[in-house]
Amino acid sequence: MASRSEELFAQARELIPGGVNSPVRACHNVHSTPAFIARGKGSHLFDVDGREYVDFVLSWGPMILGHAQEDVTRAVVDAAARGTSYGAPCEDEVTLARKVIEALPSVEMVRMVNSGTEATMSALRLARGYTGRSKLVKFVGCYHGHADPFLAAAGSGVATFSIPGTPGVPDVVVADTLLAPYNDLEAVRELFAREGENIAAVIVEPVAANMGLVPPVPGFLEGLREVTASCGALLIFDEVITGFRLSYAGAQGRYGITPDLTTFGKIIGGGLPVGAFGGRADIMRHIAPEGEVYQAGTLSGNPLAMAAGLATLKLLEVCDYDALEARTAAFAHELESVLREKGVPIQVHTIASMFTPYFSSKPITCFADVQGCDQALFETFYRQMREQGIYLAPSAFETGMVSFAHTDEDFARALEAAKKVVF
């Protein structure tokens, strides 16, 4: 007899392309049917069939406080009672902008948008408008949303489905996108030696989190800062995932690097659709209506998202990030030990409240290394963990997430599940 999730997925495939509104959710590459979620609370999800899961996806990152956190929920309910959209300024967008600027040392002005894709797309347009140049350097396997210029050698869902870029993006659109391997500073220097006067910006996930979790090697981010500054190009940090998760000051605060522009999403909306981009005031003032670079959005600064984001940042400001990192690292280390005892090649990368198990014995520093991991072992691991109530991302190219709501019991349950996996 089919489960309710299976029934809903069958219905969805008749109504929605692939049965989902974002490709990775379809669970194709792990040969599974997606669990349709009924509700979430704290570190747990509950599906329409009544199954409970320990959630290590957290809506792909934003639920760092856990699901249905009381203060955030109250803020959204109170805001909704005053109206769900104005298409006009509201006080909370000013207050949230101030909180972001106070948290990030590089950000002097910020513009709210509705998604991470909008944020990166707008930051690129601004970089091109500000510099008068057209070319962009991005890194193979880094994902910056689904705007056309970024879909050259992207990670995340594009990698999951082995789509080479994507049909529908003309060659001319990505002709100005220059590619380099992540963590390969020499390749970036070679690009600048050839094209430096035409390069508007380098965009990078300061910690790559869309090819699994790949930290920067020592000197990589510092080198990007040096080469962009020396050639008059802008350095854009895509902190849609790492912002307010790697630390309250993001990756740039953790690594002590000052980018020119930063993009945000995920956490700053407390789980509601949101994005933002910000940076030096002299650059940001080129955005309309103050400047000549156009960007707009009816729902930008939406009162519900602003209220949720403001409530979230107020709580995160006093959270103990170091304690959460220590707990996540201990869990990741134990998970690696449990899997290693089974004789499979395994290494578990971890930083802050993120982790990724790679089924490989070779060092992982770039997307090519990730592609060499054993995907069949990952599928086996994913399917058996999910059967035991451990909810992981259904792709080896995604990153596991931990929240402040996760308990020692949650970690113990996941480790016990891992011990029962048969490869």
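The values are calculated or read from the model by the stated rules, or taken from the named source; none is laboratory data. Small disclaimer: the values here were computed from a predicted structure and weren't measured. When we count neighbours, we look across all protein chains shown, and the Cβ atoms used for this are built from the backbone with ideal geometry, even at glycine. Surface accessibility is based on the protein's heavy atoms, side chains included, excluding ligands, DNA and RNA. Shrake-Rupley method; radii C 1.70, N 1.55, O 1.52, S 1.80 Å.
Are any residues in segment 118-135 within 20 Å of the chain's Cα centre (by Cα) and either open to solvent by 40 Å² or more (accessible area, probe 1.4 Å) or not small (Gly, Ala, Ser) (or both), and if so, which ones?
The answer is Glu118, Thr120, Met121, Leu124.
Could you check how many residues of segment 379-423 are out of contact with any helix residue (DSSP H, G or I) (no Cβ under 9 Å at 6 or more places or on another chain), part of a loop (DSSP other than H, G, I, E, B) and buried (at least 23 other Cβ atoms within 10 Å of the Cβ)?
Summing the residues that are out of contact with any helix residue (DSSP H, G or I) (no Cβ under 9 Å at 6 or more places or on another chain), part of a loop (DSSP other than H, G, I, E, B) and buried (at least 23 other Cβ atoms within 10 Å of the Cβ) in segment 379-423 gives 1.
Looking only at segment 1-33, which residues are within 17 Å of Tyr382 (Cα to Cα), open to solvent by 20 Å² or more (accessible area, probe 1.4 Å) and out of contact with any Ser or Thr (no Cβ under 7 Å at 6 or more places or on another chain)? Walk me through how you get there before you give the answer.
Kept after step one, since they are within 17 Å of Tyr382 (Cα to Cα), are these residues of segment 1-33: 24-33.
Among the residues that remain, those that are also open to solvent by 20 Å² or more (accessible area, probe 1.4 Å) are: 25, 28-29, 31-33.
Hits for segment 1-33 are Arg25, His28, His31, Ser32.
I'd like the residue in segment 329-343 that is outside any loop (DSSP other than H, G, I, E, B) and of a type in the set (Asp, Glu) and, out of all such residues, is farthest from Gly212 (Cα to Cα). Give the steps one after another, and end with the answer.
So the first thing to find is which residues in segment 329-343 are outside any loop (DSSP other than H, G, I, E, B), and the list is 329-340.
This time we only want the ones that are of a type in the set (Asp, Glu), so: 334, 336.
Working: Glu334: 19, Glu336: 15 Å.
Per the criteria, the residue is Glu334.
Count, please, the residues in segment 162-204 that happen to be open to solvent by less than 80 Å² (accessible area, probe 1.4 Å), modelled with pLDDT under 95, part of a loop (DSSP other than H, G, I, E, B) and within 18 Å of Tyr143 (Cα to Cα).
7
Scan segment 384-400 for residues that are out of contact with any Asp or Glu (no Cβ under 8 Å at 6 or more places or on another chain) and under 21 Å from Ala352 (Cβ atoms) and jot them down.
Ile390, Leu392, Ala393, Ser395, Ala396, Phe397, Glu398, Thr399, Gly400
Residue pairs, Cβ under 6 Å, 6 or more apart or interchain, first in segment 394-411 and under 12 Å from Val370 (Cα atoms), second of a type in the set (Phe, Trp, Tyr) and not in a helix (DSSP H, G or I). List them.
none
Is it the case that segment 235-258 has a residue that's at pLDDT below 95 and either hydroxyl-bearing (Ser, Thr, Tyr) or open to solvent by less than 40 Å² (accessible area, probe 1.4 Å) (or both)? If you could, list the steps in order and put the result at the bottom.
To start, the set of residues in segment 235-258 that are at pLDDT below 95 comprises none.
No, every residue in segment 235-258 fails to be at pLDDT below 95 and either hydroxyl-bearing (Ser, Thr, Tyr) or open to solvent by less than 40 Å² (accessible area, probe 1.4 Å) (or both).
Please give the strands (runs of 3 or more DSSP E) falling wholly within segment 34-117 in which 2 or more residues are open to solvent by less than 30 Å² (accessible area, probe 1.4 Å). Reasoning before the result, please.
Numbers: elements: 37-41, 44-47, 52-55, 109-113.
By residue number, 44-47, 52-55, 109-113.
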